[in-house]
1. List every residue pair whose Cβ atoms lie under 6 Å apart, where the two residues are 6 or more positions apart in sequence or sit on different chains, the first residue falls within the stretch 43-54 and is closer than 18 Å to VAL21 by Cβ, and the second residue, located anywhere, is open to solvent by less than 90 Å² (accessible area, probe 1.4 Å) and in a helix (DSSP H, G or I).
2. Considering only residues of the stretch 86-126 that are modelled with pLDDT under 85 and aliphatic (A, V, I, L, M), which is most open to solvent (accessible area, probe 1.4 Å)?
3. Could you list all residues from the stretch 42-55 that are exposed (fewer than 12 other Cβ atoms within 10 Å of the Cβ) and more than 30 Å from LEU90 (Cα to Cα)?
4. Which of the residues spanning the stretch 60-72 are under 17 Å from ASP112 (Cβ atoms) and without any contact (Cβ under 8 Å) to a residue 12 or more places away in the chain?
5. Just one of the numbered conditions (1) farther than 19 Å from VAL114 by Cα; (2) hydroxyl-bearing (Ser, Thr, Tyr); (3) part of a helix (DSSP H, G or I); (4) open to solvent by 90 Å² or more (accessible area, probe 1.4 Å) is not true of THR34; which one?
6. Inspect all residues belonging to the stretch 74-92 and state whether any of them is small (Gly, Ala, Ser) and more than 22 Å from ARG55 (Cα to Cα).
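The values are calculated or read from the model by the stated rules, or taken from the named source; none is laboratory data. Worth saying up front: this structure is predicted, and the values here are computed from it rather than measured. Cβ: placed from backbone, ideal geometry, glycine included. Neighbour counts: every protein chain shown. Note: areas computed on protein heavy atoms with side chains; ligands, DNA, RNA excluded. Shrake-Rupley method; radii C 1.70, N 1.55, O 1.52, S 1.80 Å.
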Amino acid sequence: MTRTKRGYTARRRRTKVRSFVSSFRGAHSRLTRTISQQEIRALDSAHRDRDRQKRNFRRLWITRINAVIRERGVSYSRLIHDLYKRQLFLNRKILAQIAISNKNSIYILYNDIVKKEDWKESAGII
């Protein structure tokens, strides 16, 4: 069997990995073995932190909504409960944007929900 020279294939593979880690510091961008370890570590961290980022943003939105709505003496959980009861499916990202840009619209939204609930209870519909 003839000998296979892997110079071109191996070099092409290493070059591709090197371009990925070219911005890393020190040996992490120079030594082949360290490069491959850092590539695995970077991709693993990126994968893990994509989920973590979603969690963090949801927490931020909830905090913003809660801060604005508590000024009126209503808790966040009460607001969300009443929204779901009225089948107003606004996600937390949109609610947080409304809360930041225009506080009065959140108050109007909640007051409208509360008035309709009170009307239903007084009419005996619920």
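1. none
2. Applying the first criterion (modelled with pLDDT under 85) to the stretch 86-126 yields 88, 113-126.
Restricting the remaining residues to those that are aliphatic (A, V, I, L, M) gives 88, 113-114, 123, 125-126.
Values: LEU88: 62, ILE113: 4, VAL114: 46, ALA123: 59, ILE125: 104, ILE126: 124 Å².
Of everything passing the filter in the stretch 86-126, ILE126 is most open to solvent (accessible area, probe 1.4 Å).
3. Passing the criteria: LEU43, ASP44, SER45.
4. As a first pass, look at the stretch 60-72 and keep what is under 17 Å from ASP112 (Cβ atoms): 65, 68-69, 72.
Passing the criteria: none in range.
5. Failing condition for THR34: (4).
6. We begin by selecting, within the stretch 74-92, every residue small (Gly, Ala, Ser); these are 75, 77.
Still in the list and also more than 22 Å from ARG55 (Cα to Cα): none.
No, there is no match, as no residue in the stretch 74-92 is small (Gly, Ala, Ser) and more than 22 Å from ARG55 (Cα to Cα).
Here is a yes/no grid of residues against (1) surrounded by 11 or more Cβ atoms within 10 Å (Cβ to Cβ); (2) closer than 30 Å to TYR76 by Cα:
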residue	(1), (2)
ARG3	no, no
GLY7	no, no
ALA10	yes, no
LYS16	no, no
PHE20	yes, no
PHE24	yes, no
ALA27	yes, no
ARG30	yes, no
PHE57	yes, yes
